[in-house]
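The values are calculated or read from the model by the stated rules, or taken from the named source; none is laboratory data. No experiment lies behind these values; they were computed from the predicted model shown. Neighbour counts run over all protein chains shown; Cβ positions are idealised from the backbone, glycine included. What goes into the accessible areas is simple: the full protein's heavy atoms, side chains included, and nothing from ligands, DNA or RNA. Shrake-Rupley method; radii C 1.70, N 1.55, O 1.52, S 1.80 Å.
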Amino acid sequence: QVQLVESGGGLVQPGGSLRLSCAASGSIFRIVAMSWYRQAPGKERELVATSNAGGATNYADSVKGRFTISRDNAKNTVSLQMNSLTPEDTAVYYCNGRIYPRMDQTFGDYWGQGTQVNVSS
């Protein structure tokens, strides 16, 4: 079994910063990519940022220049540094890992439980 656990959400004023963290544990053979998604009330879940095994990153246009995704491959963790937050960033943020749990198994998409981020004055 693979588990992903997020931390770091909370309430922040517009213009402020938050850092989210996610740790993957359990049966992990190889991590292909780790990503952050978010889902705002009444909206579909959307990709925020991705970091693949080679170190390449990709961001949603709405967060480019404000958010930074980083990985620690040795610790199987991924973080999301969020700066210049606006009320439009309010959402539940989910960590996603595309992971091979065993060498003889195909990869699967694993999700954390989500962490709430509220940006409000």
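Only residues that are of a type in the set (G, A, S) and open to solvent by 30 Å² or more (accessible area, probe 1.4 Å) were counted in the range 18-43, giving 6.
All conditions but one from (1) under 14 Å from V117 (Cβ atoms); (2) modelled with pLDDT of 95 or more apply to P41; the one that does not is (2).
Regarding G15, is this residue in contact with a Leu (Cβ under 9 Å, 6 or more places away or on another chain), among the small types (G, A, S), open to solvent by less than 60 Å² (accessible area, probe 1.4 Å) and part of a loop (DSSP other than H, G, I, E, B)? Considered against the rule, which asks whether it is in contact with a Leu (Cβ under 9 Å, 6 or more places away or on another chain), among the small types (G, A, S), open to solvent by less than 60 Å² (accessible area, probe 1.4 Å) and part of a loop (DSSP other than H, G, I, E, B), G15 comes out as yes. Counting only residues that are out of contact with any Phe, Trp or Tyr (no Cβ under 8 Å at 6 or more places or on another chain), in a strand (DSSP E or B) and either modelled with pLDDT under 95 or surrounded by fewer than 16 Cβ atoms within 10 Å (Cβ to Cβ) (or both), the range 44-56 holds 1 of them. Within the range 61-107, restricting attention to residues that are β-branched (V, I, T) and open to solvent by less than 60 Å² (accessible area, probe 1.4 Å), the residue that is nearest to F29 (Cα to Cα) is I99.
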